1. Tell me whether region 343-359 contains one or more residues that are small (Gly, Ala, Ser) and within 16 Å of PRO115 (Cβ to Cβ).
2. Those residues that are at pLDDT below 95 and not in a strand (DSSP E or B), I need them from region 317-344; list them, please.
3. Take region 168-191 and flag every residue that is within 26 Å of the chain's Cα centre (by Cα), assigned to a helix (DSSP H, G or I) and either touching a residue at least 24 places away in the same chain (Cβ under 8 Å) or loosely packed, with under 13 Cβ neighbours inside 10 Å (or both).
4. Quick check on this structure: which one of THR52, THR58 is modelled with pLDDT of 65 or more and closer than 27 Å to ARG157 by Cβ?
5. Among (1) surrounded by 15 or more Cβ atoms within 10 Å (Cβ to Cβ); (2) touching a strand residue (DSSP E or B) at 6+ places or on another chain (Cβ under 6 Å), there is one condition LYS118 misses while meeting the rest; what is its number?
6. Does ILE234 satisfy the condition of being crowded, with 22+ Cβ neighbours inside 10 Å and in contact with a Ser or Thr (Cβ under 8 Å, 6 or more places away or on another chain)?
7. With respect to GLY312, is the statement that it is surrounded by 22 or more Cβ atoms within 10 Å (Cβ to Cβ) and at positive phi true?
8. Might you let me know whether region 345-353 holds any residue that is outside any strand (DSSP E or B), among the hydroxyl-bearing types (Ser, Thr, Tyr) and closer than 23 Å to ALA237 by Cβ?
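The values are calculated or read from the model by the stated rules, or taken from the named source; none is laboratory data. No experiment lies behind these values; they were computed from the predicted model shown. Cβ atoms come from the backbone with ideal geometry, glycine included; neighbour counts cover every protein chain shown.
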Amino acid sequence: MAAALALQPTLAIAQADADIHPPCPHNEQLQWRGGSLRLENDLFAGTDHNYTNGVALTWVSRDIAGALRSECMPAPLALYTRFIAWADPQFRDEAASTPATQNLVVRIGQAMYTPTDKKRTDRVIEDRPYAGLLYLGMSWNRRLPSPTPGREMLETRELSLGVIGPASLAEQTQDLVHRARGIERFRGWQHQLHNEPAFQLAMERKFKHQADGAIRPGWGSDAIGSYALRIGNIETAASAGVELRSGWNLPNDFGSYPIRPGAENRPPSAAAAARREEPRPVTAPRPGAHVFASLEAKAVAWDFSLDGNLFGGSHRVERRPWVAQAAIGFSGQWLLSGHGLRLALMRVWRTREFERQTGGHAFGSVALSLEY
């Protein structure tokens with residue numbers, strides 16, 4: 001009897017907590033829809049300097065109904081969504097409204113930058129610093145109709161946290177790849193930026209004509225506009241761009257793009273699971289292929305790979321405040337044993353990023369995505 005009486009306050013607290021945080025219904029639990037592996041390297045363009053390598057592994061959640069509930073997701077994502085709700089309460093409130101749909105994206109990535117002359121062991125003052133970045137990015141995507149009739153938007157809030165400097169393991173990663181391929185390694189990594197925490201908050205909006213289902217059946221073309229703001233010691237910049245696509249069975253998404261913290265915006269796709277239905281609905285994913293071309297202009301106030309360390313002195317160069325980037329590529333999607341498979345290939349050209357840079361820069365990008 002005494003034991004039962006002693007348990008009553010505990011049971012009451014548990015019941016109160018259950019009333020405040022009821023069990024998560026199935027449609028509010030975080031479930032993963034698929035992922036992507038992206039690789040970028042300037043060896044694809046016949047060079048080996050500037051932005052020389054980037055890799056990112058991404059996981060994308062299924063659509064989430066209603067308001068995001070932190071108790072329905074892993075602790076890191078719960079903290080992230082609470083931070084965004086605090087930093088941008090309007091985004092949180094609108095994401096819970098109908099007819100918006102939403103999802104979460106988690107990304108682990110690494111990027112590395114080197115000067116042109118790999119043989120020099122001194123600090124190359126006139127060229128960009130040796131720099132590496134290792135980061136974790138968490139994105140909250142919201143897809144909703146645009147105020148303009150017949151159009152829709154994708155809004156993204158991404159927080160990237162990581163480390164700049166030797167702890168990014170950029171030197172070790174590059175040496176490993178160069179040894180495996182028989183390429184001479186860079187000799188000046190001892191002059192890379194020193195260790196410091198890396199952070200960035202990105203806000204991006206993309207917009208295009210509204211479409212239903214996972215694809216737009218048959219031959220077609222479209223245009224996707226975008227603008228973004230990124231703030232942090234990874235990069236502080238504002239950008240605007242456009243992508244043009246043309247092909248067969250265009251995917252109902254928001255385009256292809258190179259790796260960059262603050263741009264991983266795989267949109268919600270309620271029709272993705274319909275690929276396993278029989279008979280297959282008209283709106284279900286189907287094989288297709290298209291070509292695309294994009295152009296982006298960016299105003300840059302800070303770039304760690306050029307401005308160096310924010311906390312303490314380091315090697316830096318005179319950054320150019322305006323940068324333009326163009327890309328052309330091919331993307332195809334297929335169905336394999338009920339799974340969605342997508343491959344995107346692109347070539348990217350970027351204008352000079354600092355004053356003493358000898359010409360622009362180019363690199364190649366490969367992205368492989370799987371939906372299960």
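1. So far as region 343-359 goes, yes, one or more of its residues are small (Gly, Ala, Ser) and within 16 Å of PRO115 (Cβ to Cβ).
2. SER337, GLY338
3. Step one: filter region 168-191 for residues within 26 Å of the chain's Cα centre (by Cα), giving 168-177.
Right, trim to assigned to a helix (DSSP H, G or I) and you get 168, 170-177.
Within region 168-191, SER168, ALA170, GLU171, GLN172, THR173, GLN174, LEU176, VAL177 meet the criteria.
4. On the way: THR52 fails: closer than 27 Å to ARG157 by Cβ.
The conditions single out THR58.
5. (2)
6. Values: crowded, with 22+ Cβ neighbours inside 10 Å: yes; in contact with a Ser or Thr (Cβ under 8 Å, 6 or more places away or on another chain): yes.
It is true that ILE234 is crowded, with 22+ Cβ neighbours inside 10 Å and in contact with a Ser or Thr (Cβ under 8 Å, 6 or more places away or on another chain).
7. Working: surrounded by 22 or more Cβ atoms within 10 Å (Cβ to Cβ): no; at positive phi: yes.
No; evaluated as a whole, the condition is false for this residue.
8. Applying the first criterion (outside any strand (DSSP E or B)) to region 345-353 yields 351-353.
Filter once more, so that each one left must be among the hydroxyl-bearing types (Ser, Thr, Tyr): 351.
With closer than 23 Å to ALA237 by Cβ added as a condition, the list becomes 351.
Scanning region 345-353, I find at least one residue that is outside any strand (DSSP E or B), among the hydroxyl-bearing types (Ser, Thr, Tyr) and closer than 23 Å to ALA237 by Cβ, so the answer is yes.
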